[in-house]
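Colleague: Handing you this structure, nothing more for now.
The values are calculated or read from the model by the stated rules, or taken from the named source; none is laboratory data. Every value quoted in this text rests on a predicted model; they were computed, and no experiment measured them. Don't worry about glycine lacking a Cβ; one is built from the backbone with ideal geometry, like all the others, and counts go over all protein chains shown. All accessible areas refer to the heavy atoms of the entire protein, side chains included, with ligands and DNA or RNA removed. Shrake-Rupley method; radii C 1.70, N 1.55, O 1.52, S 1.80 Å.
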Amino acid sequence: MKNKVCFILFVLWALFIFSNSMLPAVESSDISGGISYKIYELLSLNIDFELFHTFIRKCAHFIEYAILGVFAGLSFEKEYFWKILVLCILVACCDETIQLFVEGRSGQISDVLLDSIGALTGILGTRIFK
C-alpha cells in the first residue's frame, strides 16, 4: 500500500456509498429528485423530467465510483491495477446487494456495470495524471 490516507478515504467513501444505498426508496428519490429538479430548472430544459432525473441518477452512480476509483488508484502501486479494479467491483456488488434488503430498492446488474466503468475511469485517471 502506497498511501494510507487515500486508502482511508477509499474506505470512508465506500461507507458513504453504502449509507446512501441504505436509504429507503422514497427518501433516496426525494433527495435525488430535488437535486435533479434544481439542475433541470437552472438549465431551463425542455425535455421530460423523468428522463432527465434518470440521467442524473446514472451520472451520480458513475461519478461516485470514479471518485472511489481515484482513491483506490492513489492507494496502491500501479502493478496492482487488476486487484484495485476487482476491489472496486466488489464494492459495487456489495452496494447493489445492500439495496436488495432496503424498502422499495432493488439491486441492478446494470448499475454494477456502470459503477465498475466509473471506477475504471477513476483508476485510469490516476494512472494518466501521475
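Colleague: If Asp95 satisfies every condition in (1) among the charged types (D, E, K, R); (2) in contact (Cβ under 8 Å) with a residue 60 or more places away in the chain; (3) closer than 20 Å to Gly107 by Cβ; (4) open to solvent by 60 Å² or more (accessible area, probe 1.4 Å) but one, which is the exception?
Modeller: The number of the failed condition is (4).
Colleague: Looking at (1) of a type outside the set (A, V, I, L, M, F, W, C); (2) outside any helix (DSSP H, G or I); (3) in contact with a Ser or Thr (Cβ under 7 Å, 6 or more places away or on another chain); (4) at pLDDT 90 or above, which is the only condition Gly69 fails?
Modeller: Status for Gly69: all satisfied but (2).
Colleague: Only one of these is open to solvent by 50 Å² or more (accessible area, probe 1.4 Å) and in a helix (DSSP H, G or I): Leu85, Leu124, Leu114. Name it.
Modeller: Leu124
Colleague: Please determine whether any residue of segment 40-62 is open to solvent by 80 Å² or more (accessible area, probe 1.4 Å), assigned to a helix (DSSP H, G or I) and modelled with pLDDT of 95 or more.
Modeller: In the first step, residues of segment 40-62 are kept if they are open to solvent by 80 Å² or more (accessible area, probe 1.4 Å); the result is 41-44, 46-48, 50-51, 55, 57.
Next, from what is left, pick out any that are assigned to a helix (DSSP H, G or I): 41-42, 50-51, 55, 57.
Cutting the leftovers down to modelled with pLDDT of 95 or more gives us none.
So far as segment 40-62 goes, no, none of its residues is open to solvent by 80 Å² or more (accessible area, probe 1.4 Å), assigned to a helix (DSSP H, G or I) and modelled with pLDDT of 95 or more.
Colleague: Which residues, taken from segment 72-95, are modelled with pLDDT of 95 or more and acidic (Asp, Glu)?
Modeller: Matches in segment 72-95: Asp95 only.
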